[in-house]
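Notes to accompany the following structure.
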Amino acid sequence: MLWDIFCRVIDNHGDIGVCWRLSRDLVKRGHQVRLWVDDASALTWMAPEGLSAWPAVTLRAWQEAEDAARIQNLAAGDIVIEAFGCELPAPFVARMVRPSPPVWINLEYLSAEAYVERCHGLRSPVCSGPGAGLNKWFFYPGFTQATGGLMREPDLLDRQQAFTPEAQRQWLASLGVYPRPDDALVSVFCYADAPLGALLDRWRTTPLRAGATTHVLLTPGHASALGQRWHEANPGTATPHLALHHLPALPQPEFDHLLWSCDLNLVRGEDSAVRALWAGRPHAWHIYPQDDGVHADKLEAFMQHWMHDWPPDLREQVSIWWRAWNGLSAQADMDRQGHRTSLPDLPDLSRWRQHGRLSREKALRQRDLCSQLTDFALQFVIQPE
């Protein structure tokens, strides 16, 4: 099948990250993909091997699909994905009107909120515009059997198992990170308002593991900038207990290596949050803040689902820490600039990891998103006579 996947890069790299991951997964399952995107610059580091390594993926500029003359001879694929309500260009929608129209799917954002089960798989007839008469279907990723599942490639667990301690050591060394056996590693991928300074203040004197060094691996962007800002604000505070490492942008498979290597992963964005679940290590989700505050409800819904079977004391401790990391706790200590100056104690990482892995095992019993998406779409594909 030929899939047309449309993606607008709103901010950060979550949209293109999901679409690129989906494209790769579909190709591995024997499909062809045309990826239409308005800004493909992130693919230079997300896919450093180049698109030539993925001959079944064709990268197309969004602007082409907006020009009726340029696509007048183009046949829309069998399945069209409108990622995150990006609104397809009208000239392309017009090309979708044919006796056997493509299956038009709006791939929605991930959430554990109750409405997802109600809305997943619903049909929305298109009543006006160039696509009048077509149908659009809503596909919701999620955490229950009544949703579209989570992105998980068929070879993910095999790759994870093959990442042995020696492979991990070599991979970290390639980044200039040389932890001792007892040292702790923490990855940080966050937004600009993360209270990273409060964490670093603590680890400067009280490492994550007594007597060892806490290595903080900072991804490019906000995490690296916050780390640099903290370093500049604390000159002459070199300590054997804390080491900061500024990482380069990592391709998706190597981002998995990062998550698999660390004792604690602080991640942002939906795609990275899902990857942190599969890593099976303690993690906290720095959720994308929205002006209307709905991100708080989204975070609570996820915590209630993910930690449902955990011991009450651990669930409470982890939830408190997650809220504090997201600036959602009422007892926040702030400085004059509104930056959080303290965080609760981290819960016991050993227990956190143990119960996180049980939640992971439960999630693994759900069919992955790409399998469900493919089956969902194929039931509506109309073969031309």
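The values are calculated or read from the model by the stated rules, or taken from the named source; none is laboratory data. Only a predicted model underlies this, so the values are computations on that prediction, with no experimental measurement involved. Every residue, glycine among them, receives a Cβ derived from its backbone with ideal geometry; neighbour counts consider all protein chains shown. Remember, those area values only see protein heavy atoms, side chains included, never the ligands or the DNA or RNA. Shrake-Rupley method; radii C 1.70, N 1.55, O 1.52, S 1.80 Å.
Answer with yes or no whether Asp11 is free of Cβ contacts under 8 Å to residues at least 60 places away in the same chain and touching a helix residue (DSSP H, G or I) at 6+ places or on another chain (Cβ under 6 Å).
no
Restricting to the range 205-219, and then to whatever is open to solvent by less than 60 Å² (accessible area, probe 1.4 Å) and without any contact (Cβ under 8 Å) to a residue 40 or more places away in the chain, can you tell me which residue is nearest to Ala42 (Cα to Cα)?
Taking the range 205-219 and keeping what is open to solvent by less than 60 Å² (accessible area, probe 1.4 Å), we get 207-208, 212-219.
Add one more test, that the residue is without any contact (Cβ under 8 Å) to a residue 40 or more places away in the chain, and what stays is 207, 212-216, 218-219.
Working: Pro207: 35, Ala212: 36, Thr213: 33, Thr214: 30, His215: 27, Val216: 24, Leu218: 18, Thr219: 14 Å.
Filtering the range 205-219 for residues that are open to solvent by less than 60 Å² (accessible area, probe 1.4 Å) and without any contact (Cβ under 8 Å) to a residue 40 or more places away in the chain, the one nearest to Ala42 (Cα to Cα) comes out as Thr219.
Would you be able to say whether some residue in the range 75-83 is of a type outside the set (Asp, Glu) and more than 25 Å from Asp271 (Cβ to Cβ)? Yes: the range 75-83 contains one or more residues that are of a type outside the set (Asp, Glu) and more than 25 Å from Asp271 (Cβ to Cβ).
Taking the criterion of being open to solvent by 30 Å² or more (accessible area, probe 1.4 Å), modelled with pLDDT of 95 or more and not hydroxyl-bearing (Ser, Thr, Tyr), would at least one residue in the range 272-282 satisfy it? Even if it seems obvious, please write down each step before you answer.
Kept after step one, since they are open to solvent by 30 Å² or more (accessible area, probe 1.4 Å), are these residues of the range 272-282: 281.
Then keep just the ones that are modelled with pLDDT of 95 or more; that gives 281.
Next, only the ones that are not hydroxyl-bearing (Ser, Thr, Tyr) stay: 281.
So far as the range 272-282 goes, yes, one or more of its residues are open to solvent by 30 Å² or more (accessible area, probe 1.4 Å), modelled with pLDDT of 95 or more and not hydroxyl-bearing (Ser, Thr, Tyr).
I'm checking my understanding of the structure. Among residues of the range 351-376 that are polar (S, T, N, Q) and open to solvent by less than 30 Å² (accessible area, probe 1.4 Å), which one is farthest from Val18 (Cα to Cα)?
Our first condition is that a residue be polar (S, T, N, Q); within the range 351-376, this holds for 354, 359, 366, 371-372, 374.
Pick out the ones that are also open to solvent by less than 30 Å² (accessible area, probe 1.4 Å) and you get 359, 366, 371, 374.
Working: Ser359: 22, Gln366: 19, Ser371: 15, Thr374: 16 Å.
Only one residue fits best here, namely Ser359.
Does at least one position in the range 12-22 carry a residue that is outside any helix (DSSP H, G or I) and open to solvent by less than 60 Å² (accessible area, probe 1.4 Å)? Yes, the range 12-22 contains at least one residue that is outside any helix (DSSP H, G or I) and open to solvent by less than 60 Å² (accessible area, probe 1.4 Å).
Determine if the range 71-80 includes at least one residue that is among the aliphatic types (A, V, I, L, M), surrounded by 16 or more Cβ atoms within 10 Å (Cβ to Cβ) and part of a loop (DSSP other than H, G, I, E, B). Reasoning before the result, please.
Quick first cut of the range 71-80, residues among the aliphatic types (A, V, I, L, M) only: 71, 74-76, 79-80.
Narrowing further to those that are surrounded by 16 or more Cβ atoms within 10 Å (Cβ to Cβ): 71, 76, 79-80.
From the residues that got through so far, the ones that are part of a loop (DSSP other than H, G, I, E, B) too are 71, 76.
Yes, because at least one residue in the range 71-80 is among the aliphatic types (A, V, I, L, M), surrounded by 16 or more Cβ atoms within 10 Å (Cβ to Cβ) and part of a loop (DSSP other than H, G, I, E, B).
The numbered conditions (1) assigned to a loop (DSSP other than H, G, I, E, B); (2) touching a Leu at 6+ places or on another chain (Cβ under 9 Å) are all true for Gly211 except (2).
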